[in-house]
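The values are calculated or read from the model by the stated rules, or taken from the named source; none is laboratory data. Because the structure is predicted, anything quoted here is derived from the model rather than measured. Methodologically, a virtual Cβ is constructed for each residue, glycine included, from the backbone with ideal geometry; neighbour enumeration extends over all protein chains shown.
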Amino acid sequence: MALIDTDWAESARQATADTVALAAMNEVTLEFDAPGPVMVRGDAMALRTLARNLIDNGVRSAGRNGRVNVQLASDESRALLRVDDSGPGIPAEERSRVFDRFYRRRDTETTGSGLGLAIVDAIAKRHHAQISLGESPLGGLRVEVRIPRGSLA
């Protein structure tokens, strides 16, 4: 599918809505913040999938009574999606491996196939985006995805 001008904030808003039931079931506070439209050249459905996988992982990792914050921002050169969670985080030495297909961290209680972050990585590469993993001010993991804005028609 061709990349077209799309509102990444709207895709992320829909992805956040997709995870509200899971967050409620796990008693996780889920917050979304976008200043308005965040236009990028992209595939809206793929960007929704990218955001949903990150938010879903955050909700599953946050634990009961945890928090997940989803934030979008942009400047002239790039757009940013940031997902912070209050879970246990990922040790720095494991962060490069979490994008491998079927990789599952040991000693975690979360469920899944180990494909979510591999899918995120593939979508990010298609959009010439950079992904960084770090420590969240909420205590868990911070994932940031930066997409170059390029020239929008």
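Before moving on, here are some points about what is shown:
- Residue selected from the range 43-69 under the condition at negative phi and outside any helix (DSSP H, G or I), by the criterion surrounded by the fewest Cβ atoms within 10 Å (Cβ to Cβ): ARG64
Yes/no per residue for (1) farther than 18 Å from THR6 by Cα; (2) of a type outside the set (A, V, I, L, M):
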site: ASN26; (1), (2): yes, yes
site: ALA44; (1), (2): no, no
site: LEU50; (1), (2): no, no
site: ILE55; (1), (2): yes, no
site: ARG60; (1), (2): yes, yes
site: SER77; (1), (2): no, yes
site: ALA92; (1), (2): yes, no
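- Some residue of the range 3-23 being surrounded by 19 or more Cβ atoms within 10 Å (Cβ to Cβ), of a type in the set (A, V, I, L, M), farther than 23 Å from GLU135 by Cβ and out of contact with any helix residue (DSSP H, G or I) (no Cβ under 7 Å at 6 or more places or on another chain): yes
- Failed criterion for SER77 (all others in (1) surrounded by fewer than 20 Cβ atoms within 10 Å (Cβ to Cβ); (2) of a type in the set (S, T, N, Q); (3) at pLDDT 95 or above hold): (3)
- Residues that are charged (D, E, K, R) and part of a helix (DSSP H, G or I) within the range 17-40 comprise just one, ASP18.
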